[in-house]
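Shown next, in C-alpha cells, is the structure this report addresses.
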Amino acid sequence: MNNNQKVLIGQGKVSKVYLIEGAAYKYFPTSYPLSWIKHEVTIQNEIVSKTKLPILSYDYVNNSREIKMPYIKGVDLTYRIRVEKYKTGLEDLIGLQKQVYEYQNLNLLQAHDVFFETLNKSNLDESIKKIGIDALNEVDIKNNLCHFDLHFSNIMYDRYNYFIIDWANAKLGNPILDIARTYVVLRQYAFRLSDKYLKMISKELDIELISLTQAIKAMAVLRLIEMSDDEPKQRILDLIL
C-alpha cells in the first residue's frame, strides 16, 4: 500500500482502517498475531457464505497485516442517534440482532468453550472469576450465530441499507449471551438507552428479564477482562456484585 494515499477513516483499540482507491484496508500492528488476522477473515467469509445477513466479504492481503474490504460510504448508527437525532435506533439494532439469531450451526467456535477458557486463564480476582464461571454454567448451551459485539457503532448505514461490521468475536452460542453482551456495552457507552434496550429486546423475543440475569453477570465479568486499567468500571461491577 502506498502510504501517501492512505486516508484514516476509522480506529479501534487494536486496528486502524484506511481508505485507498475506493477500498477500505484494516491494518494491524506487528505485535498482533498474524493467525488472528487470518482467523478474522475466515469468520467473516464463513458468515457471508452461509447467511443472507447484511455483511461484506473480506480479503486477506498476502504477506501483510492488512485486510481489504469494500468501503461503506456512510455513518454508523451511533452518529445517526447522537448527531442526526434518529429516534428508532434501538428498534433497528434489535431488528438486526433478530436476523443474526436465525442462523445456526455455522463453522464457528462454541461460545461456552471460549468463554470458560478466557475466564479460567484471566488474572481477575478469584472471587469475581468464580462469579463469572458459575453464571456461565447457568446458561444453556445453544448453537445460534452470535456477533458478541453488536452495538450502535458496529452498524453502518449508507443512506439506503445497514451493514453489520466487526465480526471478529462471532461464535455459536445462546442468544441471551449475545443480548447480555450488547447490554453490558450499552451500560458503558449509551447508559440511558441500556435498560430500555433490555426491556425492548426481551419483549420482542419473548424472553423473561429474570432469565437474562446470569448471562449478564457472565458477560460483565468477561468485559472486565477486556478493559484497560484506566477505564471506569463501576457500571460493570454493579452488574456483578
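With the convex hull constructed from alpha-carbon coordinates only, the chain shows a mean projected area of 13.6 nm² over all directions. At full extension, Val48 and Ser122 could sit 23.4 nm farther apart than now, given 0.36 nm per residue minus the alpha carbon distance.
Relative contact order of the range 105-224: what whole-number percent is it, with Cα pairs under 8 angstrom and at least 6 residues apart? Don't jump to the answer; show the numbers that get you there.
Numbers: 151 pairs, mean separation 38.6, N = 120.
Averaging sequence separation for qualifying contacts and normalising by length gives 32 percent for the range 105-224.
Mean projected area of the Cα convex hull of the range 72-123, taken over all directions, amounts to 6.5 nm². Among the GluC sites (Glu not before Pro) found in the range 135-241, those both in a DSSP coil and sparsely packed, with 16 or fewer other Cβ atoms within 10 Å of their Cβ, are Glu138, Glu208. Residues whose amide H comes within less than 5 Å of that of Ala24, counting only those at least five positions distant or on another chain, are Met69, Tyr71 (H built at 1.01 Å from N in the peptide plane). Whole-Hz Karplus values for the range 25-38 come out as 10, 8, 10, 10, x, 5, 6, 8, x, 4, 5, 5, 5, 5 Hz, taken residue by residue from phi with 6.51 cos²θ - 1.76 cosθ + 1.60 and θ = phi - 60°; glycine and proline positions read x.
Principal axis extents of the Cα atoms in the range 129-169, from largest to smallest and rounded to whole angstrom, are 45, 21, 14. Available extension along the chain between Tyr86 and Lys38 is 13.7 nm, counting 0.36 nm per residue and deducting the alpha carbon span. All C-alpha pair distances within the range 81-191, sorted into 10 Å bins from zero, spread as 13, 41, 31, 13, 2 percent across the bins. Here the range 87-119 is scanned for amide nitrogen atoms under 17 Å from the site 7 Å beyond the Cα of Lys130 along Cα-to-Cβ, giving 119.
So if I place +1 on the C-beta of Lys and Arg and -1 on the C-beta of Asp and Glu, and nothing else carries charge, what would the dipole magnitude of the chain be about its Cα centre? I want it in debye, nearest 20.
Numbers: 31 positive and 30 negative charges, 125 e Å.
My answer is approximately 600 debye.
Working note: Karplus 6.51/-1.76/1.60 with θ = phi - 60° gives the range 124-137 the couplings 5, 3, 4, 5, 6, 4, 5, 4, x, 5, 4, 5, 5, 4 Hz, where Gly and Pro are set to x. Against the main long axis of the alpha-carbon atoms of the chain, helix 111-121 sits at an angle near 80°.
The modelled label-to-label distance between Val61 and Asp113, using points 7 Å beyond Cα along the C-beta direction, is 3.3 nm.
One compactness figure for the range 31-149 is 1.31, namely its Cα radius of gyration divided by 2.2 N^0.38 Å.
Principal axis analysis of the Cα atoms in the range 150-241 yields extents of 43, 35, 29 Å, listed in decreasing size. When you filter the trypsin sites (Lys or Arg not before Pro) in the range 134-241 for DSSP loop state and at most 11 other Cβ atoms inside 10 Å of their Cβ, you are left with Arg159. The alpha-carbon atoms of the range 151-199, seen along their principal axes, cover 28, 28, 17 angstrom, with the largest extent given first. Based on Cα contacts under 8 Å between residues 6+ apart, the chain shows a relative contact order of 17 percent.
Any read-out appearing in this document is the output of simple, stated calculations on the displayed coordinates, not a laboratory observation. Owing to the predicted nature of the structure, the values given are computational and were not obtained by experimental measurement. A quick note on method: Cβ atoms are made from the backbone with ideal geometry, for glycine too, and the neighbour counts reach across all protein chains shown.
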